[in-house]
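Rule-based calculations on the coordinates, nothing more; no lab input. The model shown is predicted, which means the values in this text are computed figures rather than measured ones. FYI the Cβ positions are ideal-geometry reconstructions off the backbone, even for glycines, and counts take in every protein chain you see.
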Amino acid sequence: MTSQSHQIGRILSSLSTIYTPVGFEIYPFKIGWYNEQVGEPFRFDLDPDTLAFVIISTPDMFDKALVPFMCRDDCTGSTDILDKCMMHYFSLTKQAFPDDDVETIHDFEMAASRRPKILVQPAAHVSGAAFYYTRRCVDPDPWGEKKKIFGVSIHPQYGGWFAIRGVIIFKSVQCPELPHKEPVDCVPEQEKRRELLELFNYHWRDWRFRDIIEPHKRYSEDQRLYFETMPKDRSPLVRQLKGKFLKQAENKEISTDLAGVGGELATQ
Ligand code: B12
């Protein structure tokens, strides 16, 4: 094993300790791979071999990270509790690597130009995490130039039942030897791709695009209800989720150790 792959292995293992137990997945990529795919304004002015990771939330994240976080935080279901929870988990990486130049970027962060700081779908694609389907992969294009069609990423295990939460960049770590992993093309048929893009663009509220392949796991009823409910109406649901979580913890159905949710949060 070279010292470089040893270093990447060490970083990956620390990140796994933080993210895997609470329902996230992590995938390494090189900044150069991302820069090659996105337009000029989105590129990073970094060495192309710079090491970065995409962070994905699986259906388990809700029960393992968000609900425990709600229990610790004095939360009533405000819009930003999810963002706050993600910020907390991203900050754990900075804490774990105090001597490295680490930049974390969330999916919701905007640059001064009001553009997203990171396009997470291309990042997930180049890391091999989830195939990014856009109109470019439907030939001939059935929609016509004037129609705006947004692209969608599909995960080989979770279909559309996941989210891409952001990236973590290790600015001082170069990884020229990192092997490139192609994403799994789980929607190879042209007709299915058209259907996927139409479901995502015109019917995303009914969740059907997420089932374009048979997923290993979907969002739970609780999770769907939570996301379907307007933030202003979430308080009763949040109370109920907290009660359910604490009862399960009491009955030892789940660990009472709120994995990674530091005590300092109670005062935040
Ligand atoms: C802005 C935004 C919106 C806007 C505009 C949508 C859009 N795609 O532009 C609005 C508000 C409409 C929106 C809505 C929704 N969104 Co939205 N949105 C975003 C956000 C923040 C940025 C997307 C963006 O601006 N793209 C800009 C354009 C220019 O990028 P692009 O089309 O990919 O093209 C560039 C490159 O990708 C490249 N390129 C082009 N084709 C290809 C092909 C390949 C293979 C590659 C590698 C590169 C590549 O060239 C282009 C030039 O740079 C992302 C999070 C993020 N930070 O990325 C979430 C995101 C795309 N949204 C998401 C979701 C789920 C939704 C909603 C369902 C609502 C929701 N949050 O539940 C709806 C559904 C869309 C709809 N029908 O309205 C998810 C999609 C998940 C997935 N499985 O793909 C994302 C990734 C958020 C996340 N955290 O997971 N969204």
Placing unit charges on C-beta atoms (Lys and Arg positive, Asp and Glu negative, everything else neutral), compute the dipole magnitude of the chain about its Cα centre in debye, rounded to 20. 660 debye
Which order, highest average first, do 120-126, 110-116 follow once you tally other Cβ atoms within 10 Å for each residue and take the mean per peptide? 120-126, 110-116
Full-extension gain between residue 216 and residue 95, please, as 0.36 nm times their residue separation minus the C-alpha to C-alpha distance. 40.3 nm
So, in Å, what gap is there between the alpha-carbon centers of region 1-33 and region 182-239? 27 Å
Given an 8 Å cut-off on Cα distances and at least 6 residues of separation, report the relative contact order of region 3-267 as a percent. 26 percent
Where does the charge balance sit around residue 44 when Lys and Arg score +1, Asp and Glu -1, over other residues with C-beta under 14 Å from its C-beta? -3
Full extension between residue 109 and residue 227 adds, at 0.36 nm per residue less the Cα distance, a length in nm of 40.5 nm
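Nearest 20 debye, what's the magnitude of the dipole of region 7-55 about its Cα centre given +1 on Lys and Arg Cβ and -1 on Asp and Glu Cβ? Present the calculation step by step, with values, prior to reporting the outcome.
Numbers: 3 positive and 6 negative charges, 45 e Å.
Using only the charged Cβ atoms, the result is roughly 220 debye.
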Here are some pairs, 192/232; 84/217; 192/242; 94/192; 147/181; 146/181; which of them have Cα atoms lying more than 29 Å apart in this structure? 192/232; 192/242; 94/192; 147/181; 146/181
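Would you mind computing the Rg to Rh ratio of the chain from its alpha-carbon coordinates, Kirkwood style for Rh?
We get a ratio of 0.97 for the chain.
Return the Rg/Rh value of region 28-100, two decimal places, where both radii are evaluated on C-alpha atoms and Rh is the Kirkwood radius.
1.08
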Which one of 184, 207, 4 has its Cα pushed farthest toward the positive end of the charge dipole of region 3-267, where Lys and Arg give +1 and Asp and Glu give -1 at the Cβ? 207
Quickly rank 86-96, 134-144, 19-29 as a protection proxy: mean count of other C-beta atoms within 10 Å, highest first. 19-29, 86-96, 134-144
Have a look at 54, 19, 248 and report the one farthest towards the positive end of the charge dipole of region 3-267, computed about the Cα centre with Cβ charges (Lys/Arg +1, Asp/Glu -1). 248
Assuming 0.36 nm per residue, please report the length gained on full extension of the stretch residue 134 to residue 171 beyond their Cα-Cα distance. 10.4 nm
